[in-house]
1. Take the residues in the stretch 78-121 that are among the β-branched types (Val, Ile, Thr) and part of a loop (DSSP other than H, G, I, E, B), then tell me which one is surrounded by the most Cβ atoms within 10 Å (Cβ to Cβ).
2. How about the stretch 12-56: which helices (runs of 4 or more DSSP H) wholly inside it have at least 2 residues that are at pLDDT below 85 and loosely packed, with under 12 Cβ neighbours inside 10 Å?
3. Is there any pair with a first residue in the stretch 44-58 that is more than 14 Å from residue 111 (Cα to Cα) and a second that is open to solvent by less than 80 Å² (accessible area, probe 1.4 Å) and in a helix (DSSP H, G or I) whose Cβ atoms are under 7 Å apart and which are 6 or more apart or on different chains, and what are they?
Amino acid sequence: MVELLGVFLKAFPEESFEASKFMAGSGSSMLYSFLLFTVILSLQEMYRGKLASSELFTILGGFFSSLLFLVSLTFIGNFQETCGIRTGWGAVILAEVIALIAASTVHRVCITTCFLFSAGLLYEINKLSGMMLSKNEPKMKSF
């Protein structure tokens with residue numbers, strides 16, 4: 001995923017790239033993440049029996065629950081940003097608890113796979129965030 005972003009960023013010169021052109025506002029991003037959360041949770045609950053039927057589908061159920069983690073983290077972060085509250089690890093823990101509870105409704109193995117996939121997603125989000133922040137900071141000359 002990070003490699004795809006790197007290819008995308010190389011396609012545009014630095015002068016023409018402004019992050020504000022490509023980013024949604026906090027309010028619209030919060031709405032989209034809430035809608036995605038609702039759709040993913042509804043589909044997960046509709047196909048609960050199928051997701052618990054085999055080992056591969058159980059792992060897939062954990063992956064879908066980790067997507068719930070991702071969109072709920074986006075929703076909570078945007079909500080905190082619009083309210084002026086400082087974001088931190090509390091948002092991550094709350095989003096993880098929500099995703100693990102959703103995973104527990106499918107199968108108990110989904111809880112473990114959801115946690116592992118969520119940890120991987122969180123690592124990638126942190127890496128991507130650091131990459132975007134380092135691009136936006138002006139280069140300082142060291143003497």
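1. 106
2. Fully inside the stretch 12-56 and qualifying: 19-22.
3. 50/57
The values are calculated or read from the model by the stated rules, or taken from the named source; none is laboratory data. Model, not experiment: these values are computed from the prediction. All Cβ positions, glycine included, derive from the backbone under ideal geometry; neighbour counts span all protein chains shown. Heavy atoms of the whole protein, side chains included, go into the accessibility calculation; ligands, DNA and RNA do not. Shrake-Rupley method; radii C 1.70, N 1.55, O 1.52, S 1.80 Å.
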